[in-house]
Amino acid sequence: MSDPIKYVLDESRIPKAWYNITADLPTPAPPVLHPGTMQPVGPDDLAPLFPISLIMQEVSTEREIEIPEPVRDIYRQWRPSPLYRARRLEKALDTPAKIYYKYEGVSPAGSHKPNTAIAQAFYNKEAGVKRIVTETGAGQWGSSLALSGALFGLQIEIFMVRVSYNQKPYRRALMESYGARCVASPSNETASGRAILAQRPDHPGSLGMAISEAVELAAQRDDTKYALGSVLNHVLLHQTVIGLEAMEQMSMAGDFPDVVVGCTGGGSNFAGLSFPYIGHALRGGQKSRIVAIEPAACPSITRGKYAYDFGDTAHLTPLTKMHTLGSTFTPPGFHAGGLRYHGMAPLVSHCAELGLIEARAYPQVECFDAGVLFARSEGIVPAPEANHAVKGAVDEALRCKQEGKSETILFSLSGHGHFDMQAYMDYFAGKLVDQPYDENELAMALAGLPSVS
Ligand SMILES: *Cc1c(COP(=O)(O)O)cnc(C)c1O
């Protein structure tokens, strides 16, 4: 009865600085390019979209970047987040492996996303910004930014992918409860939205389209900026609070992970947990295997091309080198909305190219099998995205059982699934199917990649 299942830190142990992996990488990630000139972008090119403090973080090579006190003060509401030892899951799997998970569902929005939303809202407020425009797929990012807008007195406008807007009215209600305005995308409010609606009035939308609408609006007004919930270097930076805390909690448990697992949409919760471990190894410390789990229906690292591409459909963003399925690729409708992005964070892609991480792709039904087993043993219903990480950890634990090894596995439980119960209802009704992506569409989207010499 005395075996601990939970490792909690005092709030004074919230990290004082974020960790920037760029300082420790053997080579820097390729530069971001201006789509017109094909030259590396400078701070001025990004200034219409982001406050200068965030642009400086985007290009920083400092290992540690101080977390402002007002941000730490809000983090205190739910950080340090708990680290659990999944003893009942270990038992259900009959594995000699030890499984730990870092749980980010304790934030007010229910996922890891407020870690960066709070920071981004702080820097925008400090720069005198009045309004932030963004996009959201499943709604987790929109809720997190809406929460942050409420706390810092900023007006938040959110373009929500139309299919999710219709399917997830409760996420929308949450954003509105925090005072944000939520618009179905594609919309009539932007030129890029109108262009798509002219071709197809009932277009279901995509993250790439919603990004185009948000970027277009943000670039038009001086008092308005844009915010992105994943992919960018500064977003991954803010998420490293997850891994920095986890390292302390794992040493409380007297353990060090042999394997670190996370799900990857744009790569931010995965990087948040794993980058401090990768850095530790790069500086000569103990090394862990780092495993990214992606959906088989949108497999950017395992099936995409490592190439320069746009972040959005209308090609308003700069070009970044990343694993991409092509900016026009539309994945089939599966339930992990937060994993339906055509590209990967450039820093995660760079780490994959350097051989610092592995990647695997799983179809959604197997992930829900693992998620339901997790719920029935640990009591937490994971977000559909997080089910991919659960599945990755379960497979590692089963491998340990087969090989008779008692390895230590640490994974990121990025959020709870309380707003995603329709997905679970579909799963229990046998209506959740594994729809493969269209090979022809992928080939066409890849053929359309911009040519960069
Ligand atoms: C958004 C989201 C993801 C995917 O985004 P990343 O940037 O890859 O972390 C994963 N899990 C949850 C719960 C999310 O809300």
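Conditions tested, residue by residue: (1) in a helix (DSSP H, G or I); (2) touching a residue at least 24 places away in the same chain (Cβ under 8 Å); (3) farther than 22 Å from residue 266 by Cα.
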{"residue": "375", "(1), (2), (3)": "yes, no, yes"}
{"residue": "398", "(1), (2), (3)": "yes, yes, yes"}
{"residue": "411", "(1), (2), (3)": "no, yes, no"}
{"residue": "419", "(1), (2), (3)": "no, yes, no"}
{"residue": "422", "(1), (2), (3)": "yes, yes, yes"}
{"residue": "426", "(1), (2), (3)": "yes, yes, yes"}
Of (1) open to solvent by 50 Å² or more (accessible area, probe 1.4 Å); (2) within 16 Å of the ligand (Cβ to nearest atom), residue 220 fails just (2)
Within the range 267-298, the residues that are within 16 Å of the ligand (Cβ to nearest atom), assigned to a loop (DSSP other than H, G, I, E, B) and either modelled with pLDDT under 95 or more than 30 Å from residue 36 (Cα to Cα) (or both) are 296, 297, 298
Picked from the range 401-419 (must be more than 9 Å from the ligand (Cβ to nearest atom) and within 30 Å of residue 174 (Cα to Cα)), the residue least open to solvent (accessible area, probe 1.4 Å) is 411
Subset of the range 335-371, residues part of a helix (DSSP H, G or I), open to solvent by less than 20 Å² (accessible area, probe 1.4 Å) and aliphatic (A, V, I, L, M), comes to 339, 347, 348, 370
message: Looking for something in contact with a helix residue (DSSP H, G or I) (Cβ under 9 Å, 6 or more places away or on another chain), within 16 Å of the ligand (Cβ to nearest atom) and over 14 Å from residue 93 (Cα atoms) - is there at least one such residue anywhere in the range 423-445?
response: yes
Exercise. Any residue at all in the range 323-332 that is over 18 Å from residue 449 (Cβ atoms), within 16 Å of the ligand (Cβ to nearest atom) and in contact with a Ser or Thr (Cβ under 8 Å, 6 or more places away or on another chain)?
Worked result: no
Restricting the range 113-134 to residues that are open to solvent by 10 Å² or more (accessible area, probe 1.4 Å) and not hydrophobic (A, V, I, L, M, F, W, C), the one farthest from the chain's Cα centre (by Cα) turns out to be 128
Residues in the range 175-197: is at least one within 15 Å of the ligand (Cβ to nearest atom) and either assigned to a loop (DSSP other than H, G, I, E, B) or out of contact with any His (no Cβ under 8 Å at 6 or more places or on another chain) (or both)?
yes
Reported set for the range 239-252 where residues are out of contact with any Gly (no Cβ under 8 Å at 6 or more places or on another chain) and open to solvent by less than 10 Å² (accessible area, probe 1.4 Å) is 245, 246, 249, 250
Result of the Cβ filter at 8 Å on the range 19-40, keeping first residues that are free of Cβ contacts under 8 Å to residues at least 12 places away in the same chain and surrounded by fewer than 19 Cβ atoms within 10 Å (Cβ to Cβ) and partners that are part of a strand (DSSP E or B) and small (Gly, Ala, Ser), at least 6 apart or interchain, is none
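The values are calculated or read from the model by the stated rules, or taken from the named source; none is laboratory data. Given the structure is predicted, the values throughout are model-derived calculations rather than measurements. Heads up, the Cβs are rebuilt from the backbone with ideal geometry, glycines too, and the neighbour counts pull from every protein chain shown. Heads up: the accessible areas ignore ligands, DNA and RNA and are worked out on the full protein's heavy atoms, side chains in. Shrake-Rupley method; radii C 1.70, N 1.55, O 1.52, S 1.80 Å.
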